[in-house]
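Student: Pasting a structure below so you can have a look.
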Amino acid sequence: MHSTLIVARMEPDSAAQVANLFDAFDGTEMPHRMGTRRRQLYSYRGLYFHLQDFDGEDGGERIEEAKTDSRFVGISNDLKPFITAYDPATWRSPADAMARRFYHWSAR
C-alpha cells in the first residue's frame, strides 16, 4: 500500500464544508480511478492533514493521470477558499505539501 500525507493551512470553522466537498467527490468513481483505498482528514490549530492510502505502490502515478479530470480540477478549485499552502513562498505543486515519512512500523 502507498500512503500520502498532505499538510496545509485550513480556514477556521471550515471542516464541515471541506468534508462535504470530499464526500461528494468520494461518491464518484474518482477515488477508484486514483486507487484510493482510504481518505482521512484532520485539523489541528489551523492546520489541515489529508491522509490518503492507495492500492499498490503506484498511487502517485495514478493521481498524476487523474489531475486533468474535470472532477479533480473542480474539487481543487472548490477547496481554495478553505485550504491554502502551508508555505506559499515554496509551494509549486501538491508534491510540495506532502510530508516525508521517516519511520514506519507495522505488526507482522
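Student: With the other protein chains left in place, how much accessible area per residue, in square angstrom, belongs to the chain at a 1.4 angstrom probe? Could the numbers behind the result be given before it?
Tutor: Working: 7570 Å² over 108 residues.
That works out to 70 Å² per residue.
Student: Quick check: at a probe of 1.4 Å, how many percent of the accessible area of the chain sits on carbon and sulfur atoms?
Tutor: Numbers: 4050 of 7570 Å².
Carbon with sulfur: 54 percent of the solvent-accessible area.
Student: Gaussian network model of the chain, Cα springs within a sub-10 Å range: biggest mean-square fluctuation belongs to which of Arg38, Arg62, Arg92?
Tutor: Judging by the Gaussian network model, the answer is Arg92.
Student: Also, I was wondering about something else. Give me the percent relative contact order of the chain, please, defined on Cα pairs under 8 angstrom at least 6 residues apart.
Tutor: Working: 137 pairs, mean separation 43.1, N = 108.
Across the chain, relative contact order equals 40 percent.
Student: While we're looking at this one, here's another question. From the square roots a ≥ b ≥ c of the eigenvalues of the alpha-carbon gyration tensor of the chain, which class results: rounded (a/c under 1.5), prolate (a/b over b/c), or oblate? The partial results should precede the final answer.
Tutor: Working: a/c = 1.44, a/b = 1.13, b/c = 1.27.
Because its axes are fairly even, with a/c under 1.5, the chain counts as rounded.
The values are calculated or read from the model by the stated rules, or taken from the named source; none is laboratory data. This structure is a prediction, so every number in the text was calculated from the model and none was measured. Surface accessibility is based on the protein's heavy atoms, side chains included, excluding ligands, DNA and RNA. Shrake-Rupley method; radii C 1.70, N 1.55, O 1.52, S 1.80 Å.
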